[in-house]
1. Would you mind pulling out the separation of the Cα centroids of region B:79-138 and region A:40-75, in Å?
2. Kindly provide log₁₀ I(q)/I(0) values, in the same order as q = 0.13, 0.14 Å⁻¹, from the Debye equation applied to equal alpha-carbon scatterers of chain B.
3. Where is the GNM fluctuation largest for chain B (alpha-carbon springs, 10 angstrom cutoff): B:P174, B:P151, B:P15?
4. Could you grab the relative contact order for chain B? Cα pairs under 8 Å, six or more apart, rounded to a whole percent.
5. Bin by bin, in steps of 10 Å, what percent of the Cα pairs in region B:72-150 do you find, going until the bin that has the longest distance?
6. On each of the three principal axes of the Cα atoms of region B:128-247, give max minus min coordinate, whole Å, ordered largest first.
7. Using a 1.4 Å probe and counting only protein heavy atoms, arrange B:W156, B:W63 so the residue with the most accessible area comes first.
8. Collect residues whose amide H, placed 1.01 Å from N in the peptide plane, falls under 5 Å from the amide H of B:T32; neighbours closer than 5 in sequence don't count.
Amino acid sequence: MTDDELERLGRKIDAARGRQPSSRPKKEPSPAGEAMRMGTEFAGGVLVGAGVGYFLDRWLDTTPIFLMVCVALGAVAGFRTMMRSARAASGEEKDTPDKPT
Amino acid sequence: MIEAESPLSQFEVRPIHFLPPLHLGPYDVSFTNASLLMLIVVGTVLLFLAGGARRGALVPGRWQSMAESTYLFVEHMIRDTIGDNGRQYFPIVFSIFLFVLFANLFGMLPYSFTVTSHIIVTFAMAIVIFIGVTIIGFARHGLDYFHLFLPSGTPWIMAPLLFFIELFSYLARPVSLSIRLAANMMAGHTMLKVIGGFVIALGILGGWLPFALLVVLNGFEIFVALLQAYIFTILTCVYLNDAVNMH
């Protein structure tokens, strides 16, 4: 392909681009995907809490203290992650002026 | 078909029967349908990229165009979430994206096997990402990386509690990452099998209704396969971003 041909092709591409309404559309995550994501985030927190608590209890022989504490902590952690991704998802749509942190 | 198969039997890992069973110490390491599918997936990815790069034409043909736009898609994703610092992690993110994508799509073929519906497969990937991200974080920021667990401006009385909560939410990442992908693939494929069973059960007269639903659901499942590959990859990027840039 010669330079001349390339030049012409470039102009053709530019012309076609100019005709298009806009550049590529922004990818929007689907609501179902978002919901599923948040659900597993919460489940993940609880599961990790339960796992850590169970093994701490087995190791220190303190059943069921660590299990109880860690499941609670894990649930809070899962909830925080969930809230954070919810805030990130809605923050892209509208700017919240009085955002903490 | 006389005896209905369980909708879950599609997820069974079986050794390929004409190959000799392999044992490594107490472990059964036979070559299974899952191993075969993973090899096929990797082979197809290689073929896809090598075929796309074969000509290296300045004005790409169809195949090269597909490979290039896949490349650019992941490149844009990394640039949007991590920024220029993320360029060096492109190979791992691109490999993960292609593996998950092709594994999901291969699962849509009849009589094939969905490797990503097994939590051990997705968890193996997630734990590699998790350990890698943690190492990158500590290598880049040293002990400052602990600030991720303790946001600045925390009242000191809340600090220990918040530290543990943040630690748990950090540890939960690989779990939720792997559960999400595996659960999505498994749920969708089980649903397809159940609806498919209705078609057989209702026979030639009533079977058309579930059959129409099945066609729609198949399209939806392909969408889910693409979406879940995207979500898995974008979350990898988000986690890498935390380690690289630490807000």
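1. Measuring centre to centre over Cα atoms gives 27 Å.
2. The calculated log intensity ratios at q = 0.13, 0.14 Å⁻¹ are -0.97, -1.06.
3. B:P151
4. 24 percent.
5. 16, 36, 32, 13, 3, 0
6. Principal axes ranked by extent give 70, 28, 20 Å for the Cα atoms.
7. B:W156, B:W63
8. B:I16
The values are calculated or read from the model by the stated rules, or taken from the named source; none is laboratory data. What you see is a predicted model; the values in this text were computed from it and never measured. Cβ: placed from backbone, ideal geometry, glycine included. Neighbour counts: every protein chain shown. For the accessible areas, the whole protein counts, side chains as well, though only heavy atoms, and no ligand, DNA or RNA atoms are used. Shrake-Rupley method; radii C 1.70, N 1.55, O 1.52, S 1.80 Å.
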